[in-house]
1. Assign unit charges at the C-beta atoms only (+1 for Lys and Arg, -1 for Asp and Glu), then state the dipole size of the protein assembly as shown relative to its Cα centre in Debye, rounded to the nearest 20.
2. I need the inter-copy label distances for A:T36: point set 7 Å along Cα to C-beta, values in nm with one decimal, smallest first.
3. In nm, what does the list of distances from C:G73 to its counterparts in the other copies look like, shortest first, when each label sits 7 Å along Cα to Cβ?
4. Tell me which A residue has its C-beta closest to the axis rotating A onto C, and the distance in Å?
5. What is the stretch A:4-349's relative contact order, in percent, from Cα pairs under 8 angstrom and six or more apart in sequence?
6. About the Cα centre, and with charges only on the beta carbon of Lys, Arg (+1) and Asp, Glu (-1), how big is the dipole of the stretch B:4-349? Nearest 20 debye, please.
7. So if the hydrodynamic radius of the protein assembly as shown is defined as the Kirkwood radius over C-alpha pairs, what does Stokes-Einstein give as its diffusion coefficient at 10 °C and 1.306 mPa s, in µm² per second?
8. Need one number: nm distance between label points at D:E300 and A:K312, each 7 Å from Cα along Cα→Cβ, rounded to one decimal.
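All of the numbers you see were taken from the coordinates with simple rules; none came from a lab. Predicted model, so just to flag it, every value in this text is computed and none were measured. Here the Cβ positions follow ideal geometry from the backbone for every residue, glycine too, while neighbour counts run over all protein chains shown.
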Protein chains: 4
Amino acid sequence: MSSTFGRLFCVTNFGESHGPAIGCVIDGCPPGMPLTEADLQHDLDRRKPGTSRHVTQRRESDRVEILSGVYEGQTTGTPIALLIRNEDSKERDYEDLIDTFRPGHADYTYWRKYGFRDPRGGGRSSARLTAPMVGARAVAKKWLRASFGTEVRGYMQQLGVIEIPFVSWAEVEANAFFVPNSQVVAQLENYMDELRRSGDSVGARLRVVATGVPVGLGAPLAAKLDADIAHAMMGINAVKGVEIGAGFAAARMTGAESNDPIVPGGFRTNHAGGILGGITNGDDIFIRAACKPIPSIEKEQETIDIGGHPRKVAVRGRHDVCVIPRVIPVCEAMVCMVLADHLLRQRAIL
Amino acid sequence: MSSTFGRLFCVTNFGESHGPAIGCVIDGCPPGMPLTEADLQHDLDRRKPGTSRHVTQRRESDRVEILSGVYEGQTTGTPIALLIRNEDSKERDYEDLIDTFRPGHADYTYWRKYGFRDPRGGGRSSARLTAPMVGARAVAKKWLRASFGTEVRGYMQQLGVIEIPFVSWAEVEANAFFVPNSQVVAQLENYMDELRRSGDSVGARLRVVATGVPVGLGAPLAAKLDADIAHAMMGINAVKGVEIGAGFAAARMTGAESNDPIVPGGFRTNHAGGILGGITNGDDIFIRAACKPIPSIEKEQETIDIGGHPRKVAVRGRHDVCVIPRVIPVCEAMVCMVLADHLLRQRAIL
Amino acid sequence: MSSTFGRLFCVTNFGESHGPAIGCVIDGCPPGMPLTEADLQHDLDRRKPGTSRHVTQRRESDRVEILSGVYEGQTTGTPIALLIRNEDSKERDYEDLIDTFRPGHADYTYWRKYGFRDPRGGGRSSARLTAPMVGARAVAKKWLRASFGTEVRGYMQQLGVIEIPFVSWAEVEANAFFVPNSQVVAQLENYMDELRRSGDSVGARLRVVATGVPVGLGAPLAAKLDADIAHAMMGINAVKGVEIGAGFAAARMTGAESNDPIVPGGFRTNHAGGILGGITNGDDIFIRAACKPIPSIEKEQETIDIGGHPRKVAVRGRHDVCVIPRVIPVCEAMVCMVLADHLLRQRAIL
Amino acid sequence: MSSTFGRLFCVTNFGESHGPAIGCVIDGCPPGMPLTEADLQHDLDRRKPGTSRHVTQRRESDRVEILSGVYEGQTTGTPIALLIRNEDSKERDYEDLIDTFRPGHADYTYWRKYGFRDPRGGGRSSARLTAPMVGARAVAKKWLRASFGTEVRGYMQQLGVIEIPFVSWAEVEANAFFVPNSQVVAQLENYMDELRRSGDSVGARLRVVATGVPVGLGAPLAAKLDADIAHAMMGINAVKGVEIGAGFAAARMTGAESNDPIVPGGFRTNHAGGILGGITNGDDIFIRAACKPIPSIEKEQETIDIGGHPRKVAVRGRHDVCVIPRVIPVCEAMVCMVLADHLLRQRAIL
C-alpha cells in the first residue's frame, strides 16, 4: 500500500539505493499500446547520474529491462514490471556514516520508524528510487500523447538566488540544466562550481506545464486533481512547496483579479492553473515546486550518533550540487502518472 | 473511492450544499474512546456560517447527529456516521445562474465532467461540504490528544496585502478571524468592509502547526507524510499553494543554511517542518497554505452560458469576503485526519 | 476501509441494529441515471422483516431517504447517501443477554476484537445491516439493466432436508420463500412451523444467476470476478460455502466432462459458471451458497458469560427460523455490486 | 490495483508464463525479521514443476532472488521484491494453438477482455504465476509463526472419485501428493497413470487448516475474514468452490446442531470453522476447496478459432493430470497472506 501510487494506473516501486536492483510494477496500462525498452531508456538516460560535473558521479548505466506486460512490442493490459540493476554502489562511501545521522537526510527518521539503521546511501530515501518512476513515466507519457495529445514538460525557473527568465521550450532540451534560456548556462555553471568548492549545495524552483489535458479530470473532495498533483510533487525528494496556478500570489489578489474570465472557446487568463473545484477546465495545468538544497554537503555540520552523543559530520562522496537537473524528469513523471490515473477513472464513469 | 479520505482512518464524505443533508462516515476510529455530539458540535460551531458580517449570512444551525459507532458515550470501533441537515438552502439565490457559469467556480468543470448542471450553490463543490470534515476532525483530534498529546492548530498570517505578525496562540481563539494578534482586528474589519462595498473579495495565507507528533509517521515513496498533508491541504476549497517547513524559501538557501543541525534531544532549527524523507522527526510540523479570493463577487464579470454565448454575471447572494475565517478549522481537520491515519498505520508495523 | 465494498462502484455501510439509523454511501454511480426513492423502496420491502410468520416480527417500515447524489430525479455522479431509521429496537429483548455470549453469534468475537460488549441485538453483526446493501443494489441493478441488459436473480434450492426442484422464475416471485416451485410452499411452512415449535431453526442453500453479463469482466490474479463474487457471498451473514458453476461437483469430474466445449456463438455446457480465468465468458454466471441455521434459538444451549463461567442460554425474541427468505435479495445485491464495480473497471481500460 | 493482494500486507504479482521472468513485490512486512533466500526456496521447491511424473515436466529451477527489502539477513520494513526467471518456456508447444481457444482455459476470455491473443501457455492465467505467491507465503509464514505461533497447512482430501481418509499431518509431508495417508499413494498413482493414458485429467478437493490464530481478526461487513479467505481461495486457478467450517453441510443442519456450544476455555465443536461474524474466535480455521480438472487434455475437444469457425483441439505439451499436488502450497500461501494482512490491521486499532 505504502509503495503504490495511483488507483487505476498503479505504480508499485521497490528497491534501495545500494541493494541488488530497483524497479517498479506498472498495473493498469491499457492493452495494445506499442512499447519497447528503447521508449523507456530515453527518459532514463535524461535523468541518470554522471551526465555533468554538477551531478553525482556515480556510474550507473540505468539499463532498464521489461520483465512482463509486453508481447511482440505491444502492451498486453497486464502488469509491466521494470528492472534496473544497481551497478556502482560503493558501500565504502558510507562506512564512516554507519553510526551517525546526516543532517537534512532521512537517516534519523528511518532509524526511528523502523528501529533499523541501513547506512548505505539512504537506502530507500535515495533519489535513485526516482529512476523507476521515470521508467513508468515513459509508459504513461506514450499513452497520454497517443490517446489525447497530452504533453507534460518541466524546466528550472530559479537556482538559489538566480532567477532564470523563460525564453523557449526548445532551449530546455538544449542544456543539461533544463533551463529555458541557454544564455544563463555559463552563469549557473560558475555558481555551482563555486558552491562545490565551498562544500555546499543550493535549492531551486521548477515549473511543470501540462498541455492538451482533457476537461473533466479529477473529482470532488477526496480525488481532486490538484490535490493528487500536490501529493505527487510533495512526495518527490527535496520538494518543500507546491503551487497550482497563481499559487501563493493568490493570497494578495482580489476576486476580480484572480477569477479567470470565461470567454467562448476558453478562459482569458489562467490563474486557476487549469483546475477549478479539483477538476480540469481544459486549459494548461501550471505547477511550480520548490526544492531544498541537497543535504549532503562537505561542510562540517553538527549531528548526533546512534547513542545520542554530539558528533561533527562532513558528507563526502559523489553528490549533486543541486537536485534540479535530475529532478525535472521525475516531476514530469509524477504528473504524467497522476493524469493517466485520472483519465482512466474518468473513462470509467462516462 | 473518490469521496473517501485515508487508508485506516477513513472518512467518506457525502452531500451537496442544497440537498437534504450532508455528512460523513468515519471508519477506523479505535474503540473505547469517549465521544459525544457535544465534542463535535464545538468544532462545527467554530466553522459555521453567520458568525460575523464578513462570512456568509446563510443561517445553518449545523446541528450534528451521530448515527452510529458510539454506544453509551464510547466509540465501538465500528463506523461513526455523522448527519447534518441543510436548513437554509435558498434555491432562488441561484435562479439566475442556471444557465451561466460563474468565473472562478467549479460550475463549468462539473458540467463538463458529469454532463450535468446542478445550479444550486455549487452542489458538491461548495465550502459547505467541509462541515462534515470538521465533524470528523473532532474524532481524530480527541484520539490524537488522548493517545499522544498531539495538537493541531492554525491561524491567519496574511489577508490580501496585510501581513499579520504573530503574537500568541491565545489571541487566535480571542477573535473571529483566527489571527494571532488582536490589535489588527479593526484594520482587517475595515479592509473587508471596503472590499464588500466594492463587491470584491480577497485571498489570504494561513499557517497550521502540529505539536506533540510522534516520530516515525509516514513511509517512503507513496505514503510520505508531507505528500499526504499536501494532498489534504490542496484539496481544500480555494487553496492554491502548500508549503512544508521552509517551503519556497528553501529554493534560495544553501545546504548549510537549510539543513537543521541535530543535537542531543532534537534539532537546532526546523526548516524541515518536522518531516525528513517523508517521515516525522518528532519536531513540530509547520504547514503554510495560500487561499485564492472567494470567487463569488458582485462585480460584473465576463462569462459564457451553457450554449457558449458571452454573458455578464454579478454573483449576488450571501457570500464570504474571505475564506480564511471559516477555512482554518477545515485545515486543522484535514491535518488531524492525516495524522490519525498515519498513526494507525505505524501501529500496524511496530 | 473495513466498511467499504468495491473499488470504483463503492458502497460504505454504517449503522447498528439498535442504534438511531443504518445506511450507506454509494460512490461511483455514473451520472444521468433516473433514480427515485421508490426504486429503492421496492427492493427494501422485499427484504424487510415482518412479512411472514417465519421471519422476525420486528416491525420496521424500512423507509429509505436519499440524502444526496440525486437531483431532479437523476443521479449526479456524486455520492448517493441512503438513510434508514431504526424504529422498533426493543433493547429489553436483550437485557438478559448483557453478560452472556449467544452460541453461533458474533457476540464473543466482537467482544474479544473490540474489548467492548454491545448487547443490543448483535450491533453491527445483525442481519439488519444488509438493508442498506439492498438499497445499494437498486442503484446497481438499474444501471446494469439499463446499460447492458444484465439481470441478477436468486432463489431457494434447499431448506434443511427438503430439496426444491426448479419449476420457473415466475414462481420465485409468487411466494414469500423465493422458491421456484409454489407446490412446495405448504410443505415448507409446515417444516418451519415445526422447527419453531421445537425452538429450533434450519439452514438452507440458494442459487443466484446473472444473465446478460458482458464478456471480459474481471482481471487476472487479484481481481478475478469469481474471487470477488466469493468474497461478496461469503461476507453475507450465515453463508458458509460458495460455489461457481460446477462447484464441488467439479472435484469428481474428468477434464473431458468438465471442460465446456466452445461452439460458434457460445459454449455447449456451462460448468464454468460463466467465468474462465477469473473473467466472464459471456455465458450466465451460476452461483450457489449454503447458509447455516439462524443461531438464535429458544432451545437451551451451553455458553459462558463475560467472566468465563458456564451458563445456559435460550434466546428469546423475534427471530427468523431460516435466513433464506430474507437473504435472497441480499445475495442479489452483493452480486449486482460486484458486477457494477467490474463493469466500471473494464470501461476504464478499453 | 488488479494485481495487488491485501491492504497492509500487500503482494503485487507480475509476469507471464512465457515472458522473461515472474515475481512479486511484498509491501508491509514488519522490519527486523530474519529472512534469507533459503527461506523462500524451500517453499518454492515444494510447489515447483517436474517433481513427479504426474505434474508438468516443464523444467524450471524456480530459483528466487530477493531484490530489495532485506539487509544483512533482516527485513527492513520496505518492499521485498522477488524475482524468478523463466527458463524452460517452449513456445513451440503452443504454436498450433495460436488461433484456437482451448476449452476450459482463459484463452477466450483474455482475448475478449484485452482484444489481444497471447498464445504462450496462457500468459498470465498460467499456474506458473502462483510461484511468486508461494514466495510471498514464506515471508508471511515466518512472521506469523514467530509472532503468534500460527501455522497454516493443507492436504488433499479427494482425488476424482477417491476419498482419502485422514491419518496424520506427518504423512502429508511424506509423499508428493500431500495426502494425509501414505497407503493410498499407490492407488492414486495408478488412477493418475490411467487418466494420463486416456488423455484426460481429474478434479480434486483439498483442505486447509490454520492453527494458533489469534482471536479478533477480521472486521464486520466488508472486511470479514471468511470473505477474504473465500476471495483468496476462489482466486486460485481451478478452484470452483470454497467452504468454511461446516460449509454446505450447514444447509441441512438445525441451529441446535450447528451452533458450537461455548465452554470455559473454548468451543465444544467447530462447525463455525473458527470464524463468527467474520471474526476469528481463537479456534482453528477450517477451509475446504474444490478444484476442477486441469483443462489441458489430449482428448480431442470441440472449440472455435479466432474467426469463430468450429475446430477440434487436442492439447499436447507438458501438463499436470491433477492440479492438487502443486496447488496445496498455493492455498497455504493465500491463507497465510490473508492472515498476515488482518493481523496488521488488528494491531492498528488496538
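1. Numbers: 164 positive and 164 negative charges, 0 e Å.
The dipole of the protein assembly as shown has a size of about 0 debye.
2. Between copies, matching label points for A:T36 lie 4.4, 6.1, 7.2 nm apart.
3. 5.0, 5.5, 7.4
4. A:A348, 2
5. Details: 726 pairs, mean separation 75.6, N = 346.
With pairs under 8 Å counted, the relative contact order is 22 percent.
6. Numbers: 41 positive and 41 negative charges, 78 e Å.
Using Cβ point charges on Lys, Arg, Asp and Glu, the stretch B:4-349 gives about 380 debye.
7. Working: Rh = 32.4 Å.
Taking Rh from Cα pairs, D becomes 49 µm²/s.
8. With each label point 7 Å from Cα toward Cβ, the separation is 8.9 nm.
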